[in-house]
Amino acid sequence: MKKMTKLLSLVLAVMMLAAYAVGCAPKASEEKTEAAEPETIVSEDTAAGSEEEETTDENGTHTVTDGKGNEVEVPNKIERVAIISSMPLASVYCMVAGDNQKIVGLTAASKNAAVNSFLTRIVDDLDEISTDFSKDGSVNVEEVLLLEPDVVFYNTNNASDCEAVEKLKNMGIACVGFSTTIGDNNTVGTFQAWVKLLGEVLGESLQADAIVKYGEDVQKMVAGKVAALSEEERKSAIILSNYVNNTITCAGSTFGRYWLGAIGAENPSTGLETPTAEVNLEQLYQWDPEVIFLNSFSAYTAEDILNNTAGEGQDWSGITAVKNGEVYKMPLGMYYWFPPCSDSPLALQWLAKNLYPELFSDLDMDAVICDYYSEFYGIELTEEDLNTLYNPPAESAWQ
């Protein structure tokens, strides 16, 4: 019995010693134990499920809401894109996607703009992109089908394109509409909406988010500066949407009204209720703007107006903008800068800078443009490039 008692006492002593040893373990050991992350174990079933999900995603579809409010089911994997409307969407597409490898169709007008723009720097084999479906300003549905597009992009504000789209939809083609009249024709806002929609269609949301943020910051910066102007300090300005031979058209109720409002200009042409309106020199003399912006749709230059070499027998010399040498032609970068395009945040800054050079004296447009092209297009512009951007060649005019 005594032996049994001793044995039990020995066992209890050993247990107490072990417990004491654990309780007196170094604190660092406890911290290491707590900091250690548990090992992640992936079962064979889980791994197999992930692989299956990836395969399903690539071969499946997802739904987006386009610029017309339609829910459109588009492929997750898009290899062939046809842009059937004449609009700057190709430049925005390439900005978001990083290349044009999937564009198989463009209108002739859009392709001409691309050929004479910096889009050639990020577009491979531009000559091989078909324009066959675009004839006489209408869309040939059969030619579009021959392109075998995975998705078709179109302008929701073009009635004839919308008619062609209805036929394409009935044939099982995914058609995504892009509106050109977003936010009361807010050009930068329209560009941002296109970026977001393209990001959803293509799954390129990270690049899209950064582009949209840049545009928002630019709008806030410009709005903040021009808000401080008094009524007496505001200059009057107009935008000529085109000037061909002796025909002058003025930008009216859409993009022109937005641009001039955004940069704090007094707009004598605000009464125009159509997107563009033909005007004569007599009307321009009545308005007598202090600044004239000429859209790059025109083959004429600012110097042609200043030197009276534009048109035949048209004398611009008595208009205040001409007398003061304040006529500026809008640049052509990735696209014409007048309508919404991937350069729209740059266009807003350029217009504001030319209208109020002192107010925007801290804005170095050369540096702004170079930084933007480097960050969002991966292109390093030279001084010669900038000169070409500021002075579009005559052959780049709207056709």
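The values are calculated or read from the model by the stated rules, or taken from the named source; none is laboratory data. These figures come from a predicted structure and were not determined experimentally. As a convention, Cβ positions derive from the backbone with ideal geometry for all residues, glycine included, and neighbour counts pool all protein chains shown. Protein only, heavy atoms only, side chains kept; ligands, DNA and RNA dropped before computing areas. Shrake-Rupley method; radii C 1.70, N 1.55, O 1.52, S 1.80 Å.
Per this entry, F293 is not counted among residues that are modelled with pLDDT under 95 and of a type outside the set (S, T, Y).
Inside region 229-282, residues that are touching a residue at least 40 places away in the same chain (Cβ under 8 Å), over 25 Å from the mean Cα position of the chain (by Cα) and open to solvent by 10 Å² or more (accessible area, probe 1.4 Å) make up a count of 6. For region 54-96, the set of residues classified as out of contact with any helix residue (DSSP H, G or I) (no Cβ under 9 Å at 6 or more places or on another chain), charged (D, E, K, R) and in a loop (DSSP other than H, G, I, E, B) consists of E79, R80, listed by residue number. Kindly establish whether L348 is closer than 21 Å to G224 by Cα, in a loop (DSSP other than H, G, I, E, B) and at pLDDT 95 or above. Here the answer is no, as L348 does not meet what is asked. Identification of helices (runs of 4 or more DSSP H) wholly contained in region 268-339 with 2 or more residues that are closer than 23 Å to I369 by Cβ yields 302-306. In the condition set (1) assigned to a loop (DSSP other than H, G, I, E, B); (2) out of contact with any helix residue (DSSP H, G or I) (no Cβ under 7 Å at 6 or more places or on another chain), E143 is compliant with all but (1). Residues in region 220-258 that are at pLDDT below 95, assigned to a helix (DSSP H, G or I) and in contact with a helix residue (DSSP H, G or I) (Cβ under 8 Å, 6 or more places away or on another chain): 2 in all.
Output the residues belonging to region 151-186 that are among the hydrophobic types (A, V, I, L, M, F, W, C) and open to solvent by less than 10 Å² (accessible area, probe 1.4 Å).
V151, V152, F153, A164, V165, L168, C175, V176, F178
With the structure loaded, tell me whether L89 is at pLDDT 85 or above, surrounded by 13 or more Cβ atoms within 10 Å (Cβ to Cβ) and farther than 30 Å from P331 by Cβ or whether it fails that test. No. Whenever a residue of region 304-318 is under 14 Å from I248 (Cβ atoms), its partners that are outside any loop (DSSP other than H, G, I, E, B) and not hydrophobic (A, V, I, L, M, F, W, C), lying with C-beta atoms within less than 6 angstrom and at least six residues away or across chains, give the pairs A310/D304.
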